[in-house]
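Here the structure is laid out as structure tokens; the discussion comes afterwards.
The values are calculated or read from the model by the stated rules, or taken from the named source; none is laboratory data. As the structure is a prediction and not an experimental result, all values here were calculated from the model. Note: ideal-geometry Cβ built from the backbone for every residue, glycine included; neighbour counts use all protein chains shown. We work out accessible area using only protein heavy atoms, side chains counted, and drop any ligands, DNA or RNA first. Shrake-Rupley method; radii C 1.70, N 1.55, O 1.52, S 1.80 Å.
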Amino acid sequence: QVQLVESGGGSVQAGGSLRLSCAISEDIYDRNAMGWFRQAPGKEREQVAAIDIDGRTTYADSVKGRFTISKDDDKRTLFLQMNRLKSEDTAMYYCAAGARWIWTGVAILKPDYWGQGTQVTVSS
């Protein structure tokens, strides 16, 4: 059974916006923090943004001020609003959930569950 399902990816010109969504099954949603990760070809996977069960958020420096992570508890859905997109944002974006964090200067979620990914391509 698919437990995390992303949608909303696509192609957009630089400066444009996209909104990613992730529907998460209730057993996972109600027990975990959630986040968005991305991986571009030739680069390591990185955490873009994460949100804990209290709604506190953290962002990668590269997306601060441009991306917003949010969630709708009634719909058990995670969102990533991406504005002023840059070509450097091109990557596969993954929704993830987990209950463990590590501290590396910022709080990094260690997911136990992953979505299948949705491609975001930004043309310059």
(request) Within the stretch 59-99, which residues have the backbone N less than 18 Å from the label spot 7 Å out from S7 along Cα→beta-carbon, could you tell me? (result) 70-82, 93-96
(message) If I take every Cα pair under 8 Å that is 6 or more residues apart in the chain, average their sequence separation and divide by the length, what percent do I get for the relative contact order?
(response) 34
(request) Calculate, for the chain, the solvent-accessible area per residue in square angstrom, rolling a 1.4 angstrom probe over the heavy atoms of the protein chains. (result) 54
(message) Between D89, D27, D74, where does the largest GNM mean-square fluctuation fall for the chain, given springs only between Cα atoms within less than 10 Å?
(response) D74
(message) I want to verify a result. In a Gaussian network model of the chain, Cα cutoff 10 Å, which of these has the top mean-square fluctuation: A97, A14, A33?
(response) A14
(request) Using the charge dipole of the chain (Lys, Arg: +1 at Cβ; Asp, Glu: -1 at Cβ; taken about the Cα centre), state which of G8, I108, L85 has its Cα farthest towards the positive end. (result) L85
(request) Provide the per-residue ³J(HN,Hα) series for the stretch 37-47, in order, calculated from phi with Karplus coefficients 6.51, -1.76, 1.60 and θ = phi - 60°, each as a whole number of Hz, with x at glycine and proline positions. (result) 10, 9, 9, 9, x, x, 10, 6, 5, 10, 6
(message) Between the stretch 34-71 and the stretch 79-114, what is the separation of their alpha carbon centroids in Å?
(response) 3
(request) Once you've got the GNM for the chain with C-alpha springs shorter than 10 Å, pick whichever of V63, V12, V106 has the biggest mean-square fluctuation. (result) V106
(request) Note down the magnitude of the dipole of the chain about its Cα centre, charges +1 on Lys and Arg C-beta and -1 on Asp and Glu C-beta and zero elsewhere, to the nearest 20 debye. (result) 360
(request) Pull out the extension gain between W114 and D74, defined as 0.36 nm times the separation in residues minus the alpha carbon to alpha carbon distance; nm, one decimal. (result) 12.3 nm
(request) Report in % the part of the accessible area of the stretch 1-112 that belongs to carbon and sulfur, leaving out ligands and nucleic acids; probe 1.4 Å. (result) 46
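Please give the contour-minus-distance gain from I53 to T104: 0.36 nm per residue of separation, less the Cα-Cα distance, rounded to one decimal in nm.
Gain in length upon complete extension: 16.4 nm.
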(message) Show me the ranking of peptides 39-46, 112-119 by mean Cβ neighbours inside 10 Å, starting with the highest.
(response) 112-119, 39-46
